[in-house]
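Asks: Please see the structure below; I have some questions.
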Amino acid sequence: MTLRDLLQHRRAVRRYAGMPIDPDTVRECLRLAQLAPSSSNMQLYAFYHVTDKAVLAQLAAACLGQTSATTAQQMVVFVTR
């Protein structure tokens, strides 16, 4: 599958199923994302893998209670500096 195929067939997820996602898989994806180049290798970003239920609830509230946020078992928060 090409990038074009992926982009043309992408779908927004509005509600997550209760099926668990392996946290190690998420961490590996984040590790690989860190390999992406940045301007002058400044890497002016950070990301946080959130799995704590209390923090997820706070994030869902910050997302105005959107279903995708309230049904997520994990979130990755990207922060730029």
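Asks: Which of these values of Kirkwood radius over Cα pairs in Å was calculated from the structure shown: (1) 13.1; (2) 14.8; (3) 12.3?
Replies: (2)
Asks: Can you run phi through the Karplus equation (6.51, -1.76, 1.60; θ = phi - 60°) for the stretch 31-44 and list ³J(HN,Hα) in whole Hz, with x for Gly and Pro?
Replies: 4, 5, 4, 5, 7, 5, x, 9, 4, 6, 6, 6, 6, 7
Asks: Could you check how much of the accessible area of the chain is carbon and sulfur, as a whole percent, using a 1.4 Å probe?
Replies: Carbon-and-sulfur percentage of accessible area, whole number: 59.
Asks: Build a GNM of the chain with springs between Cα atoms under 10 Å: which of Leu59, Leu30, Leu44 gets the top mean-square fluctuation?
Replies: Leu44
Asks: Which residue, Ala69, Ala12, Ala61, tops the fluctuation ranking in a GNM of the chain built on C-alpha contacts under 10 Å?
Replies: With Cα springs under 10 Å in the chain, the top fluctuation among Ala69, Ala12, Ala61 is at Ala12.
Asks: Where in the stretch 9-81 are there chymotrypsin sites (Phe, Trp or Tyr not before Pro) that are in a DSSP coil and have at most 15 other Cβ atoms within 10 angstrom of their Cβ?
Replies: Listed in order of number, the matching sites are Tyr16.
Asks: Explain nothing, just the number: dipole magnitude of the chain about its Cα centre with +1 on each Lys and Arg Cβ and -1 on each Asp and Glu Cβ, in debye rounded to the nearest 20.
Replies: 260
Asks: Which value, in Å², gives the accessible area per residue of the chain when a 1.4 Å probe is used on the protein heavy atoms?
Replies: Counting only protein heavy atoms, the per-residue value for the chain is 83 Å².
The values are calculated or read from the model by the stated rules, or taken from the named source; none is laboratory data. All of these numbers come straight from a predicted model, not from anything done at the bench. Here Cβ is always computed from backbone atoms with ideal geometry, including for glycine, and neighbour counts include all displayed protein chains. Accessible surface areas use protein heavy atoms only, side chains included; no ligands, DNA or RNA. Shrake-Rupley method; radii C 1.70, N 1.55, O 1.52, S 1.80 Å.
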